[in-house]
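The values are calculated or read from the model by the stated rules, or taken from the named source; none is laboratory data. Computed from a predicted structure; not experimentally measured. Cβ placement follows ideal geometry from the backbone for every residue including glycine, while neighbour counts extend to all protein chains displayed.
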Amino acid sequence: MKSNLMLLALSLFCVGCANSNLRLPSGHGIAGWRGRPHLDPKIEATWDAAARAEKQAAFDAEVRAHWSARNGELVNDGNGAYLTSTNSFGDAEYELEYRTVALADSGIYVRANPQVQIWDTTEAGGKWNLGADKGSGGLWNNKHHLRDPLIKADRPFGEWNQLKIRQIGALTWVWLNGQLSVDGVPMENYFEPALPLPRTGPLQLQTHGSEIRFRNISARSISETQADEFLRAHEGAGWTEIPVDSTLSAFAGAKDGYEASGGIVRCKSGSGGNLWTTQSWSDFSFRFDFKLPPGGNNGVLLRYPGEGDGAYVGFCEVQVLDSEHPKYAQLQPWQFHGSAYGLAPAARGYLRATGEWNHEVITLKGRHLTVTLNGTVILDAEVEKPLHDMKHPGLERTAGHIGFGGHGDAVEFRNLAVQELR
């Protein structure tokens, strides 16, 4: 197949740009794409520059052999490397249209991870035993979370299907032909199942043995503010605000170590201490936003009794920490941001850039602790015993206050809310 594809970087396609877009140009040129197969990102990361260049040349040759651009349509013959964006996305919305043929099986890789499913959903397609009867638009590779679409919305062969994907953290929303088929379900990490979905990665259009055509492709990065709005909507109703006024009237403890204005409570630089809510809870979800200065260190105290070291006398202290700062290079895994200090390690690498607001939800029910950071579950564990030789009597506590454990850094908190669990 002869093609004059151009694999050129498109500067508007980037991580962190609220209005960045990728669009398929008319004619025969493809900008912003490269070849890349189904490939574990960890393996790709081990390649040196020479190996990377050699492999990329081979992948791009496969694209030239099996992909073409015709009148604003991308056409793949079912073979070859996947068409892959040259840049990566974090939180983003993707829109495209596709048209395929009988026996088709394809999909959209988000952050280089499989996948939002596209396939022949008829009985004649021969894959009802795999779930094709449920329709396209699901997360077929999920093992623990919902994988089937909520509704079958495929159009007949020969018609174009419209696909919209919203990815925030690990949470995926999919609309197929205007109908919601995935509603905020975690997309599982195919290549490293024990870890959450990678925070960033390219978009890939899969080849899988049958012709498929794409058109009207666009991608838009979602800003942190927009992402948090979507996340709060997904978290639903039933939250009770913890008011933050200038006198910190809803709190007790080291008020002199903190200051509050405009709904933000801030640990004073060089000061701090334990500041806790006057109200106490047993089982609950605690929702908040936080902003870290470079190297910032604080913590959220759970079931705190109102005196003593919150990391030990309360149920636990969940780390609020710029754990990517060079001064923390020697941290133990149970000291990373989101970890239950000394008790349970959180997945690392899901903080936003230092100085940006992060959105977090901590849920404690009995001894089961879940920490969700910016839409990604980074800790989900039954907390049973310490991971070091310090005693931890607070694990026996069944109720207590929620607080902050300041360590002299100007860490900020806002939008505090609690949902009591029964």
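Exactly one residue out of A346, A417, A410, A381 is farther than 21 Å from S285 by Cβ and of a type in the set (G, A, S), and it is A410. The set of residues in the range 187-214 that are assigned to a strand (DSSP E or B) and surrounded by fewer than 18 Cβ atoms within 10 Å (Cβ to Cβ) contains only R213.
Out of all the residues in the range 337-351, is one or more surrounded by fewer than 20 Cβ atoms within 10 Å (Cβ to Cβ), hydroxyl-bearing (S, T, Y) and under 19 Å from D289 (Cβ atoms)? No, the range 337-351 contains no residue that is surrounded by fewer than 20 Cβ atoms within 10 Å (Cβ to Cβ), hydroxyl-bearing (S, T, Y) and under 19 Å from D289 (Cβ atoms). All conditions in (1) in contact with a His (Cβ under 8 Å, 6 or more places away or on another chain); (2) surrounded by 15 or more Cβ atoms within 10 Å (Cβ to Cβ) hold for E382, with the sole exception of (2).
Residues in the range 256-272 that are out of contact with any Asp or Glu (no Cβ under 8 Å at 6 or more places or on another chain) and either buried (at least 16 other Cβ atoms within 10 Å of the Cβ) or closer than 16 Å to A410 by Cβ (or both): D256, G257, Y258, E259, S261, G262, G270. Can you pull out every residue in the range 388-422 that is in contact with a Gly (Cβ under 6 Å, 6 or more places away or on another chain), in a loop (DSSP other than H, G, I, E, B) and either modelled with pLDDT of 95 or more or crowded, with 16+ Cβ neighbours inside 10 Å (or both)? Residues satisfying the conditions are G408, D409, V411. Only residues that are among the aromatic types (F, W, Y) and either outside the structural domain of G107 (by TED's automatic domain parsing) or in contact (Cβ under 8 Å) with a residue 40 or more places away in the chain (or both) were counted in the range 128-172, giving 2. Residues in the range 355-369 that are under 17 Å from the mean Cα position of the chain (by Cα) and assigned to a loop (DSSP other than H, G, I, E, B): 1 in all. For the range 319-335, a residue qualifies if it is under 20 Å from E412 (Cβ atoms) and buried (at least 16 other Cβ atoms within 10 Å of the Cβ), and the qualifying residues are Q319, V320, L321, D322, S323, E324, H325.
Just to be sure, is Y82 of a type in the set (F, W, Y), surrounded by 19 or more Cβ atoms within 10 Å (Cβ to Cβ) and under 16 Å from N216 (Cβ atoms)?
Numbers: of a type in the set (F, W, Y): yes; surrounded by 19 or more Cβ atoms within 10 Å (Cβ to Cβ): yes; under 16 Å from N216 (Cβ atoms): no.
No, not satisfied.
Which one is surrounded by the most Cβ atoms within 10 Å (Cβ to Cβ), of the residues in the range 136-174 that are of a type in the set (S, T, N, Q) and not in a loop (DSSP other than H, G, I, E, B)? Step through it out loud before you land on a result.
Kept after step one, since they are of a type in the set (S, T, N, Q), are these residues of the range 136-174: 136, 141-142, 161-162, 167, 172.
When the remaining residues are screened for being not in a loop (DSSP other than H, G, I, E, B), the result is 161-162, 167, 172.
Details: N161: 18, Q162: 16, Q167: 26, T172: 24.
Among residues in the range 136-174 that are of a type in the set (S, T, N, Q) and not in a loop (DSSP other than H, G, I, E, B), the one surrounded by the most Cβ atoms within 10 Å (Cβ to Cβ) is Q167.
Scanning the range 309-318 for residues that are among the aromatic types (F, W, Y) and surrounded by fewer than 24 Cβ atoms within 10 Å (Cβ to Cβ) yields one hit, Y312.
Surrounded by fewer than 22 Cβ atoms within 10 Å (Cβ to Cβ), touching a Gly at 6+ places or on another chain (Cβ under 9 Å) and not in a strand (DSSP E or B): does that describe G184?
On the way: surrounded by fewer than 22 Cβ atoms within 10 Å (Cβ to Cβ): yes; touching a Gly at 6+ places or on another chain (Cβ under 9 Å): yes; not in a strand (DSSP E or B): no.
Answer is no for this residue.
Considering (1) farther than 29 Å from K385 by Cα; (2) free of Cβ contacts under 8 Å to residues at least 60 places away in the same chain, the lone condition that Q319 does not fulfil carries the number (1).
Can you name every one of the strands (runs of 3 or more DSSP E) wholly within the range 29-95 that holds 3 or more residues which are free of Cβ contacts under 8 Å to residues at least 60 places away in the same chain? Show your work before the answer.
Values: elements: 33-36, 67-70, 73-76, 82-85.
Hits in the range 29-95: 33-36.
Working carefully through the options P196, P243, P202, find the one that is in the same structural domain as A92 (by TED's automatic domain parsing) and either more than 25 Å from the chain's Cα centre (by Cα) or within 27 Å of L421 (Cβ to Cβ) (or both). Walk me through it before giving the result.
On the way: P243 fails: in the same structural domain as A92 (by TED's automatic domain parsing); P202 fails: either more than 25 Å from the chain's Cα centre (by Cα) or within 27 Å of L421 (Cβ to Cβ) (or both).
Within the list P196, P243, P202, the selection yields P196.
The residue list N415, N374 contains one member that is touching a His at 6+ places or on another chain (Cβ under 7 Å) and either outside the structural domain of R266 (by TED's automatic domain parsing) or within 27 Å of A237 (Cβ to Cβ) (or both), which is N374. Could you tell me whether the range 287-304 includes any residue that is in contact with a Cys (Cβ under 6 Å, 6 or more places away or on another chain) and under 15 Å from L369 (Cα atoms)? The answer is yes, given that some residue of the range 287-304 is in contact with a Cys (Cβ under 6 Å, 6 or more places away or on another chain) and under 15 Å from L369 (Cα atoms).
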